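Since the structure comes first, as structure tokens, the remarks are kept for the end.
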Amino acid sequence: MFISPLTLLPGSRQCFLFFVTKSQNLVMNPFYLAELCINNEIQGKGYGSKLLQFLEEELQKKNVKSIYLLTSNGGLAKNFYRKNGYIVNNNRIVMKKNL
């Protein structure tokens, strides 16, 4: 996990943000993004894109070449990531087994 202060948009207050990985080491190549959450009340105002951009810039400084994530098929999250340059990786599938 790493924590960093970030001013998201001009005129907004500074907030602290953190990214959580399953590894003790932030730098994984590729990097697996477990969660990116924005409060429903402020979605659609650019905060998510700014957070994602900040994460990408920090990872590039650490020579990480790609980010992988899972999201639901269809809906707002898929469109959000596509808008930010993410593509569907046809080499991967998600598998599940109910117990």
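Collect the residues in region 67-84 that are among the polar types (S, T, N, Q) and either outside any loop (DSSP other than H, G, I, E, B) or exposed (fewer than 12 other Cβ atoms within 10 Å of the Cβ) (or both), keeping them in residue-number order.
Passing the criteria: Ser72, Asn73, Asn79.
Looking at region 10-35, which of the residues that are at pLDDT 55 or above and outside any loop (DSSP other than H, G, I, E, B) is nearest to Ala77 (Cα to Cα)?
Looking at residues that are at pLDDT 55 or above and outside any loop (DSSP other than H, G, I, E, B), I get Leu33.
When region 36-66 is examined, which residues are found to be under 20 Å from Asn89 (Cα atoms), at pLDDT 85 or above and assigned to a loop (DSSP other than H, G, I, E, B)?
Across region 36-66, the qualifying residues are Val64, Lys65, Ser66.
Look through region 46-95, keep the residues that are of a type in the set (Phe, Trp, Tyr) and within 11 Å of the chain's Cα centre (by Cα), and return whichever of them is nearest to Pro30 (Cα to Cα).
Out of the qualifying residues, it is Tyr68.
The values are calculated or read from the model by the stated rules, or taken from the named source; none is laboratory data. Since we're looking at a predicted model, the values are computed, not measured. In this analysis, Cβ positions are derived from the backbone assuming ideal geometry, glycine residues included, and neighbour counts consider all displayed protein chains.
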